[in-house]
Amino acid sequence: MKSGTGLDNFARLHTQNFFDVGIAEGHAVTMAGGLAKQGMIPFCAVYSTFIQRAYDMIFHDVCLQNLHVIFAIDRAGLVSDDGQTHQGIFDVGIFLQMPNITVFCPSGISEMEQMIKYTAYELKGPVAIRYPRGCNDRYVSKDPPYLPMLLDDAIDGSKNADAVIISYGRMVENAADAAVLLKKRDITAKVIKLTNISGIPYDYLIELIGDVNSVFIVEECVSGGCVASKIALEFSERNLKHKIVAINLGYSIIPSASVEELTKMFSLDAQGIAHKIHSSSVETSLPI
């Protein structure tokens with residue numbers, strides 16, 4: 001998969017540092033664990049949909065031993081025109097179950113480049129960097145350690161907002177655009193960007209949410225094991241009374257289409273997100 005993962009040039013220039021194990025994801029993960037155990041810093045580049053084949057090896061051969069393997073998870077989220085099998089919508093649930101791992105979701109190319117250096121030289125233990133096929137640098141996080149970021153440059157960041165939208169990765173842009181559309185309907189929404197979805201600093205996140213009751217979490221993944229579930233559980237254990245609403249792909253089979261068509265089909269484009277938030281507000285007679 002060296003061409004698919006963009007490693008052709010690396011393989012040509014660094015022949016002693018590149019190993020193509022074929023379509024054998026489980027072997028790739030275990031081999032990476034062995035390299036890490038000998039003091040090396042391996043990057044294991046795999047499509048999101050194919051990392052599912054290595055679930056057992058991720059747990060036993062890397063995470064359980066807290067080894068410094070960096071998983072470069074390509075095609076995370078919706079994928080254009082490659083069919084039902086290539087949708088990268090399950091890895092969030094897989095990685096959030098694992099012990100010791102840090103899961104990063106860059107929303108831009110420069111952010112991803114920054115993370116590669118940071119995870120290699122500043123972190124220890126297993127790391128997953130999950131990135132889509134195509135993203136831009138519109139909302140790039142500040143320097144590490146990548147705390148939640150309020151996009152108050154795009155929307156009204158006051159504590160008197162009517163709703164909060166939390167998102168990560170490619171969906172951050174759609175969430176911010178949805179906030180602009182909601183403002184035209186006299187609904188003010190804060191947008192909070194997550195970058196590290198495994199180690200969310202909840203005290204700081206709650207501070208950013210402020211007095212807002214309605215929290216909408218937008219994700220490009222299935223409902224099972226999503227970040228919305230993780231946040232809802234934490235808030236419940238803290239006895240917080242926020243209304244947590246998940247906006248994701250549910251448990252659908254995703255057909256083959258362009259990303260633009262798919263986000264519109266599953267209401268993950270700006271218009272769809274805004275409509276869901278507006279509809280939820282009307283149905284529950286909330287002050288928004």
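The values are calculated or read from the model by the stated rules, or taken from the named source; none is laboratory data. From a predicted model like this one, the values you see are computed outputs, not experimental measurements. Quick reminder, even Gly has a Cβ in these numbers, built from the backbone with ideal geometry, and neighbours come from all protein chains shown.
Do we find that F59 is under 30 Å from L268 (Cβ atoms), surrounded by fewer than 23 Cβ atoms within 10 Å (Cβ to Cβ) and modelled with pLDDT of 95 or more in this structure?
yes
Does A120 qualify as being out of contact with any Gly (no Cβ under 6 Å at 6 or more places or on another chain) and not assigned by TED's automatic domain parsing to the domain that holds N66?
Criteria not met by A120.
So, in region 36-56, of the ones that are crowded, with 18+ Cβ neighbours inside 10 Å and more than 21 Å from the chain's Cα centre (by Cα), which residue ends up farthest from I73 (Cα to Cα)?
A36
Do we find that T85 is at pLDDT 95 or above, among the hydroxyl-bearing types (S, T, Y) and touching a helix residue (DSSP H, G or I) at 6+ places or on another chain (Cβ under 9 Å) in this structure?
no
Exactly one condition in (1) in contact with a strand residue (DSSP E or B) (Cβ under 9 Å, 6 or more places away or on another chain); (2) surrounded by fewer than 22 Cβ atoms within 10 Å (Cβ to Cβ) is not met by K193; state its number.
So the condition that K193 fails would be (2).
Would you say G88 is farther than 22 Å from G26 by Cα, in contact (Cβ under 8 Å) with a residue 24 or more places away in the chain and not β-branched (V, I, T)?
So G88 fails the test.
Got a sec? Which of G26, G4, G22 is more than 26 Å from the chain's Cα centre (by Cα) and not acidic (D, E)?
Result of the check over G26, G4, G22: G22.
Can you name every residue in region 163-190 that is in contact with a strand residue (DSSP E or B) (Cβ under 9 Å, 6 or more places away or on another chain) and in a loop (DSSP other than H, G, I, E, B)?
The answer is G169, R170, I187, T188.
Run I277 past the list (1) crowded, with 18+ Cβ neighbours inside 10 Å; (2) among the hydrophobic types (A, V, I, L, M, F, W, C); (3) modelled with pLDDT under 95 and report the number of the one that doesn't hold.
If we test I277 against (1) crowded, with 18+ Cβ neighbours inside 10 Å; (2) among the hydrophobic types (A, V, I, L, M, F, W, C); (3) modelled with pLDDT under 95, just (3) comes out false.
Name the helices (runs of 4 or more DSSP H) wholly within region 211-287 that hold at least 2 residues that are touching a strand residue (DSSP E or B) at 6+ places or on another chain (Cβ under 9 Å)?
227-237, 270-283
Of the residues M98, M115, M171, only one is in the same structural domain as I200 (by TED's automatic domain parsing) and either at pLDDT 90 or above or not basic (K, R) (or both); which?
Exactly one of M98, M115, M171 is in the same structural domain as I200 (by TED's automatic domain parsing) and either at pLDDT 90 or above or not basic (K, R) (or both), namely M171.
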